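Engineer: Structure provided below as structure tokens; questions to follow.
The values are calculated or read from the model by the stated rules, or taken from the named source; none is laboratory data. If you're wondering where the values come from, they're calculated on a predicted model, not measured in any experiment. We place every Cβ from the backbone using ideal geometry, glycine too, and count neighbours over all the protein chains shown.
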Amino acid sequence: MRTAIEEESTMTIHLEHPPISRPMRDLRTRPGRLVGHVADDAAAHRPRPGDATAGENAAVTRICVDIAGGILDGHDVAEKADQLAVAAAGWAHEGIPVDTVLHAVHESLRQRMKFAAVPEATGSSLLDSFRQVVAASDLMCTTVSRAYVRQHREVASEHHTAVHTLASALLAGQPTTTMARECGIAVAEAYSVLALWIQAHPDEHDSRVDGAVVARRRLRRVQAALAQRCGERALGLLSVDGGTLLIPANLLADKDLDTLVESLSRGARVDITAALMPAATDEIPAAAERAHELLDMVERLDCPPGLYRFADLALEYQLTRPGPGRAELGELLRPLDNHPELYETLRVHIANNMNRRRTARLLHIHTNTVDYRIRRVAHLTGLDPTQGSGLWQLRSAMIARSFHTHPPRHRRAHLRARS
């Protein structure tokens, strides 16, 4: 029974012109020289020596040479095309880049054409020869690409499943020694645990396109950027909204994590907000929970996108902890409950470091209106935002109250990614 690769790759090229028989006879007088030359050239383009033995390399090269010669001679090359598909799948499984594979294919054709000079270079013969070369290139490239991509997808799917399984175990605090050995992924002694929130792309709200498709593409861009930056050592559970990343501590220094988040954001083409908690491997579950608590708080406080560490938000974190202090602080803002415009002005003004012009520009109001509203806040609450003590209490009250007034979105993404 034929394999799926063999069935899809079978192809016979029919050309309405005489075969170029003389060049093929010339080729068969020097097969070792031609195959050796192409094999050596293909090996020179390999990124790592020893990815395949010289015998395997020469065998694949000979298949390419035979296909090229067969098409140019007008022979049925279906069986050779099947062999090439199987060989291409093997190259993909070994991790050899597809550009290296395709270079070997084209180099085989190029070297074959060195022996295919047409005796009488008329316009008609040149056109026929060109058509034959295009047909050979088309057959070999489509055969290789189809088999390579299929095998690459299978390998990628297996790796994704292994990463998902190991990351889930680490986040659940389960033993991972045996699992890591089965997955073929080494477990580091410590990790940088990142909680991520990936903002939606504007196109997701466009009624003319499928928002779910746009979201999945955004996620794939994030995953591609992560792979480019961290290779296969990063572990992650990500949904279209965000999730959790586990970066080995010895892979990226702390300062490089800011650059990583910026790279992911550029790849996704949307803003990404992240919270970081370093942790030993056995502390990952607690660190992930803390990281997502920080991420929730960052959103409630309307902080700009970027990477946040616990040291950056220690005070805010403490103010949002349950207890009588948090409830008492929240009550300081109760007089503003019936004046949402005052509360919003105060929030934006504090976020802008009390810059009245910037606040006015963001709220689309006059600077005098900002001053008026701030005076109204002082009158209603008894706390003057223009004074140090009043500003401190109002800001603390806003942080404490955000725990109830701004429900987080990150938690949903976190729970979906872990399920």
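Engineer: Among the residues of region 383-405, what is the count of those that are assigned to a loop (DSSP other than H, G, I, E, B) and in contact (Cβ under 8 Å) with a residue 24 or more places away in the chain? I'd like the intermediate steps shown before the answer.
Structural biologist: At the first step, the residues of region 383-405 found to be assigned to a loop (DSSP other than H, G, I, E, B) are 383-387.
Filter once more, keeping what is in contact (Cβ under 8 Å) with a residue 24 or more places away in the chain: 383, 385-386.
Within region 383-405, residues that are assigned to a loop (DSSP other than H, G, I, E, B) and in contact (Cβ under 8 Å) with a residue 24 or more places away in the chain number 3.
Engineer: OK, next. Taking region 292-306 as the search range and keeping residues that are crowded, with 20+ Cβ neighbours inside 10 Å, among the aliphatic types (A, V, I, L, M) and in contact with a Ser or Thr (Cβ under 8 Å, 6 or more places away or on another chain), which one is farthest from Tyr343 (Cα to Cα)?
Structural biologist: Leu295
Engineer: So Gly243 passes all but one of these: (1) at pLDDT 90 or above; (2) more than 14 Å from Trp197 (Cα to Cα); (3) not assigned by TED's automatic domain parsing to the domain that holds Val348. Which condition number does it fail?
Structural biologist: Failing condition for Gly243: (2).
Engineer: Answer with yes or no whether Gly243 is at positive phi and either crowded, with 16+ Cβ neighbours inside 10 Å or free of Cβ contacts under 8 Å to residues at least 60 places away in the same chain (or both). Explain how you work it out, then say what you get.
Structural biologist: Working: at positive phi: yes; either crowded, with 16+ Cβ neighbours inside 10 Å or free of Cβ contacts under 8 Å to residues at least 60 places away in the same chain (or both): yes.
Answer is yes for this residue.
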